[in-house]
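Step one of this worksheet: look at the structure below.
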Amino acid sequence: MPEPASGPDRAVGAALARWRRLRRRPETWLFLVILAVGTLFGLMAPGFLTLPNVIDLLETYSVQAIIAMGLFVVLVSGGIDISFAATASVAQYCAALLASRLGLPAPLVILAGLAVGVGLGCVNAALIHHLRITSIIATIAMMSVSFSLLMYFSGGRSIYDLPDWWTSRVVFYRAELASGDIVRVTLPVVLMGAMALLTWALMTRTSIGRQIYAMGGNPEAARRVGIDVGRLTYVAYGYLGFAAALGGLVQAHRVGESVPNAMVNTELAVLSAAVLGGASLAGGVGTVPGVLLGIVLLAILQNGLNLLGVSPYFFQIVIGVTILVSTSITVLSSRRGRRLRTLGEAPSHG
Amino acid sequence: MSGETPFLRIKGVSKRFGGVQALIDVDWEVRRGEVHCLVGENGCGKSTLIKTVAGVHPPTAGTIEIDGRPVPSLDPAKAKALGIQVIFQDLSLFPNLTVVENVAVESTLGPALRPVQKAGMRRIAGEVLARLDFPLDLDALVADLPVAERQITAIARGLAAKARLIFMDEPTASLTRAEVDRLLAIVARLRGDGIAVVFVSHRLDEVVKVAERLTVMRDGRKVGTWPVAEVDQRRIGHLMTGVDVEHGVVARDMRAAPPLLAVEGLSRRGEFADVSLTLRKGEVLGIVGLLGAGRTELALTLFGMNRAEGGRILLEGRDLALRSNRDAVRAGIAYVSEDRLSLGLVLPQSIGDNLVLAVMRRLKNRLGLMPQARRRALAAEWVERLKVTIPGLDAPVRTLSGGNQQRVVLAKWLATRPRVLILDSPTVGVDIKNKQGIYEVVADLARGGVGVILISDEVAETFATCDRVLHMRAGRIVGEAVPGVVSEHEMEERIYA
Ligand SMILES: Nc1ncnc2c1ncn2[C@@H]1O[C@H](COP(=O)(O)OP(=O)(O)OP(=O)(O)O)[C@@H](O)[C@H]1O
Ligand SMILES: [Mg+2]
């Protein structure tokens, strides 16, 4: 049996314990992988590790990051949602119609777009909670229904005449580097930061966030301690609907038009980012920094391989392998830490 | 006292799950500040009664009154608001959260956007655990805790919130005597504070120690309620089962039998050191000791789940290199873990499927397929031998009562026809009559030449079943006793000294 530590030994012990806990976190591994991959690309492709390139990357991935924040909440709650890309498209298209055909003012258009997103999210929640349909089935069904309706009513026609307030670039910060490159912090990046912060605060600092974690960990126990599981389902899917709609609006802002099928096929990338970051499909685990790191890794890989002139198909393979490797490292390292501890190891209090 | 309105009164409560009538027309009351025991065989409806009063299951018929006022459509939140707390038999913890968040989960139930009171939650958890006098790493994830510590976490959660009535559904199942005594002291103190406690346990000696009144249930009906002073353990056993239960076998001298499993100088850092023992063919060998003595850790190593860092394991004289539990199963070693509820069963699957899980290979016919008839026959045989009460082989295990779930796990491993069977606390949560049934099965297996290692928290249990009992302390084997030569009492003195 280990002896109880004392004095400086104890401090070392505490640091060790902290490292042991840290080592089990997917974020730690992800961070190390990002450092390694980043350095590698930096050495191989000179243009890679420049500030403008990094900021550019962030902006490219801002839409996916915004939606990933919503998906993260749903994953933590123990569910899954496949319909967010369809939701984003529908919300974007509705808003675009209101803006270009009816010429409604900006606040109304934005509000309507977000409301459509939340509404579709709530339909998912209703199907899952009241009709007890498994989340993956319910959202796959919703995905086809809402996307097909969108294609039917839009006839697949894009909307190009978006108003200026929507499409003009908003720059919050601009600086010229010594090299002559220009660094801009634009609206999508700022919104991404805001969503990350909001989601982080919601999930770690508020009662409802902790309730969502509890529900993801053991839904029956959550019900038994008096958590309103139905309400949480609405909150989680509603929040994802909100995030998806916001992502849709930002996407139209970046490209300057609303194309009904522009967002399809982003499902897998967003899901990968969340899972890479440690959110589990089984629910109850994951963090916002983890999901952001997941997005960063995907962005770095894609951009780095691109700069190196590697085929985009190869990129898909790399993504797949990265997901496999990083999730297995996480699982293996946490399993090792999970060895049964004897009582002697539990630190005493006081 | 009896003149005032009781805290809880239920009238004509019935509960049906599909075809299973779990509660039939139960009238019952719990007075303010009393300690009330609820006993009965496995599957008689104790947990269902508790869950009904806690708002988890709405009753099919009947009324629930609290403080003399009927509460229609009770749900968990409402029950809590009325001061009802439950320590559930399956613990109902959140494995992904820390001990603090589990114990003080109540603090996160407030308004949606209220900031989490981290410091407050820590204080609450620290205080309750101090009250229980049980050191737990507050920041550990519950998933990483051994069963006993999980049980302590669940108890702490029940005690942390403000309550007027606390249901404890087999809170002591995975605890050893020291913790049980502390819990019972706390129960006594709660009574002093005017908080009523309803206590479910299959250890009847505990029951008579703490309770003032006792309610016996059988097959979903209430048999009756008595002051504890008026009934003794024997009578309670009789009321529960309708028959007289005897137990005890005589220890046999197995020294002449050939050795089956020999362990020499086995060690694992921080768990156990220099363990040597010999299990003979047909012998039942008990291992007793305090929580954390390293008994479960030793068992896990013998079963190949953990690797030994030093020493040898010999099976019938041949060195056994266990790289994983698959090797152990292949060598004929079976292990029924103490953590049955989370490790042993696939809860949503049927009883039959769970039973044949470990013996699929043997059931295959020449074509490599598994005939349904053979599968069912095997499952039915074990259900019969262990007297598992089930609605049918196709019912999901999730719907069985706690004690019956445990017997399904046991049956699953017995069906592998092991040469060495390691049982870790096999009768936790099993009622007295069926405990006896399990002891008989063990004795039967031993007579057939199987070597059995029985890890138990109850000295009485090992003395009633084993030929030899080893005493483990702080990772080492420190003594050996032969039941009958050494008395139960002497052994307990040694362990708790
Ligand atoms: N959710 C459920 N669905 C179907 N049947 C159930 C369910 N819960 C309990 N039952 C059945 O109700 C009966 C009573 O079960 P209960 O869990 O109340 O027994 P118990 O007295 O607590 O037994 P134990 O001592 O084994 O814990 C059992 O026959 C059980 O199979
Ligand atoms: Mg029960």
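The values are calculated or read from the model by the stated rules, or taken from the named source; none is laboratory data. The model shown is predicted, which means the values in this text are computed figures rather than measured ones. Cβ placement follows ideal geometry from the backbone for every residue including glycine, while neighbour counts extend to all protein chains displayed. Note: accessible area is taken over every heavy atom of the protein model, side chains too, but ligands, DNA and RNA are not part of it. Shrake-Rupley method; radii C 1.70, N 1.55, O 1.52, S 1.80 Å.
Taking the condition within 12 Å of chain A (Cβ to nearest Cβ) and either touching a residue at least 40 places away in the same chain (Cβ under 8 Å) or over 23 Å from residue B:326 (Cα atoms) (or both), does residue B:294 pass?
yes
Please pick out the residue among B:303, B:272 that is touching a Gly at 6+ places or on another chain (Cβ under 7 Å), touching a residue at least 24 places away in the same chain (Cβ under 8 Å), within 14 Å of chain A (Cβ to nearest Cβ) and closer than 30 Å to residue B:151 by Cα.
When all the criteria are applied, what remains is B:272.
Of the residues in the range A:163-206, how many are under 21 Å from the mean Cα position of the chain (by Cα) and either open to solvent by less than 20 Å² (accessible area, probe 1.4 Å) or within 14 Å of another protein chain (Cβ to nearest Cβ) (or both)?
Number of matching residues: 13.
Filter the range B:456-475 for residues that are within 14 Å of another protein chain (Cβ to nearest Cβ), among the hydrophobic types (A, V, I, L, M, F, W, C) and open to solvent by less than 20 Å² (accessible area, probe 1.4 Å) and give the result.
Once the filter is applied, which keeps residues that are within 14 Å of another protein chain (Cβ to nearest Cβ), among the hydrophobic types (A, V, I, L, M, F, W, C) and open to solvent by less than 20 Å² (accessible area, probe 1.4 Å), the range B:456-475 yields only B:472.
For the range B:52-71, state whether one or more residues are within 16 Å of ligand 2 (Cβ to nearest atom), at pLDDT 95 or above, under 28 Å from the mean Cα position of the chain (by Cα) and polar (S, T, N, Q).
The answer is yes, given that some residue of the range B:52-71 is within 16 Å of ligand 2 (Cβ to nearest atom), at pLDDT 95 or above, under 28 Å from the mean Cα position of the chain (by Cα) and polar (S, T, N, Q).
Find the helices (runs of 4 or more DSSP H) located wholly in the range A:1-101 whose residues include 1 or more that are without any contact (Cβ under 8 Å) to a residue 40 or more places away in the chain and farther than 21 Å from residue A:244 by Cα, and list them.
Once the helices (runs of 4 or more DSSP H) in the range A:1-101 are filtered for at least 1 residues that are without any contact (Cβ under 8 Å) to a residue 40 or more places away in the chain and farther than 21 Å from residue A:244 by Cα, what remains is A:7-23, A:26-44, A:51-60.
Against the condition closer than 18 Å to residue A:221 by Cβ and within 8 Å of another protein chain (Cβ to nearest Cβ), how does residue B:88 come out, does it pass?
Criteria met by residue B:88.
Exactly one of (1) open to solvent by less than 20 Å² (accessible area, probe 1.4 Å); (2) under 19 Å from residue B:30 (Cα atoms); (3) within 12 Å of chain A (Cβ to nearest Cβ) is unmet by residue B:170. Its number?
With (1) open to solvent by less than 20 Å² (accessible area, probe 1.4 Å); (2) under 19 Å from residue B:30 (Cα atoms); (3) within 12 Å of chain A (Cβ to nearest Cβ) applied to residue B:170, the lone miss is (3).
Can you tell me which residue among B:197, B:216, B:180 is more than 16 Å from ligand 1 (Cβ to nearest atom), open to solvent by less than 10 Å² (accessible area, probe 1.4 Å) and outside any helix (DSSP H, G or I)?
None of the other options fit; the residue is B:197.
Here's the yes/no breakdown for (1) modelled with pLDDT of 90 or more; (2) surrounded by 15 or more Cβ atoms within 10 Å (Cβ to Cβ); (3) over 18 Å from the mean Cα position of the chain (by Cα); (4) at positive phi:
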| site | (1), (2), (3), (4) |
| --- | --- |
| A:21 | no, no, yes, no |
| A:27 | no, yes, no, no |
| A:38 | no, yes, yes, no |
| A:52 | no, no, yes, no |
| A:61 | yes, yes, no, no |
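Going by the structure shown, is residue A:222 surrounded by 24 or more Cβ atoms within 10 Å (Cβ to Cβ) and under 20 Å from the mean Cα position of the chain (by Cα)?
no
Scanning the range B:399-422 for residues that are open to solvent by 10 Å² or more (accessible area, probe 1.4 Å) and within 13 Å of ligand 2 (Cβ to nearest atom), which turns out farthest from the other protein chains (Cβ to nearest Cβ)?
Once the filter is applied, the top-ranked residue is B:406.
Would you mind finding the one in B:313, B:287 that is outside any loop (DSSP other than H, G, I, E, B) and in contact with a Lys or Arg (Cβ under 6 Å, 6 or more places away or on another chain)?
B:287
More than 16 Å from ligand 1 (Cβ to nearest atom), open to solvent by 20 Å² or more (accessible area, probe 1.4 Å) and out of contact with any helix residue (DSSP H, G or I) (no Cβ under 9 Å at 6 or more places or on another chain): which single residue out of B:478, B:482 fits that description?
On inspection, the qualifying residue turns out to be B:482.
Identify, by number, the condition in (1) closer than 19 Å to residue B:413 by Cα; (2) open to solvent by less than 10 Å² (accessible area, probe 1.4 Å) that residue B:495 doesn't meet.
(1)
Please verify whether residue A:80 is open to solvent by less than 30 Å² (accessible area, probe 1.4 Å) and either farther than 30 Å from residue A:162 by Cβ or out of contact with any Gly (no Cβ under 9 Å at 6 or more places or on another chain) (or both), treating the condition exactly as stated.
It is true that residue A:80 is open to solvent by less than 30 Å² (accessible area, probe 1.4 Å) and either farther than 30 Å from residue A:162 by Cβ or out of contact with any Gly (no Cβ under 9 Å at 6 or more places or on another chain) (or both).
Looking at the structure I just gave you, is residue A:109 open to solvent by 50 Å² or more (accessible area, probe 1.4 Å) and either among the polar types (S, T, N, Q) or without any contact (Cβ under 8 Å) to a residue 60 or more places away in the chain (or both)?
Criteria not met by residue A:109.
Cβ contacts < 8 Å: first residue not assigned by TED's automatic domain parsing to the domain that holds residue B:168 and of a type in the set (Ser, Thr, Tyr), restricted to the range B:37-54; second residue part of a strand (DSSP E or B) and within 8 Å of ligand 1 (Cβ to nearest atom), any location; separation 6+ or different chain. Result?
Listed pairs, sorted by first residue: none to list.
Scan the range B:150-178 for residues that are touching an Asp or Glu at 6+ places or on another chain (Cβ under 9 Å) and more than 23 Å from residue B:79 (Cα to Cα) and jot them down.
Passing the criteria: B:150, B:172, B:174, B:175, B:176, B:177.
Counting only residues that are more than 13 Å from ligand 1 (Cβ to nearest atom) and among the small types (Gly, Ala, Ser), how many does the range B:2-45 have?
Total meeting the criteria: 4.
Here's a check for you: in the range A:207-219, which residue that is surrounded by 23 or more Cβ atoms within 10 Å (Cβ to Cβ) and more than 8 Å from chain B (Cβ to nearest Cβ) is farthest from the chain's Cα centre (by Cα)?
A:215
Is it fair to say residue B:91 is touching a helix residue (DSSP H, G or I) at 6+ places or on another chain (Cβ under 6 Å), at pLDDT below 95 and assigned to a helix (DSSP H, G or I)?
Taking the combined requirement at face value, the residue does not satisfy it.
Considering only residues that are open to solvent by 20 Å² or more (accessible area, probe 1.4 Å), within 10 Å of another protein chain (Cβ to nearest Cβ) and in a helix (DSSP H, G or I), which ones fall in the range B:123-146?
Listed by number, the residues that qualify are B:126, B:130, B:143.
Take the residues of the range B:147-177 that are assigned to a loop (DSSP other than H, G, I, E, B) and within 16 Å of ligand 1 (Cβ to nearest atom): which is farthest from residue B:291 (Cα to Cα)?
Filtering the range B:147-177 for residues that are assigned to a loop (DSSP other than H, G, I, E, B) and within 16 Å of ligand 1 (Cβ to nearest atom), the one farthest from residue B:291 (Cα to Cα) comes out as B:170.
How many residues are open to solvent by less than 20 Å² (accessible area, probe 1.4 Å) and either assigned to a loop (DSSP other than H, G, I, E, B) or among the hydrophobic types (A, V, I, L, M, F, W, C) (or both) when one looks only at the range A:280-299?
The total comes to 9.
Looking only at the range A:228-279, how many residues end up being open to solvent by less than 10 Å² (accessible area, probe 1.4 Å), within 14 Å of chain B (Cβ to nearest Cβ) and assigned to a loop (DSSP other than H, G, I, E, B)?
1
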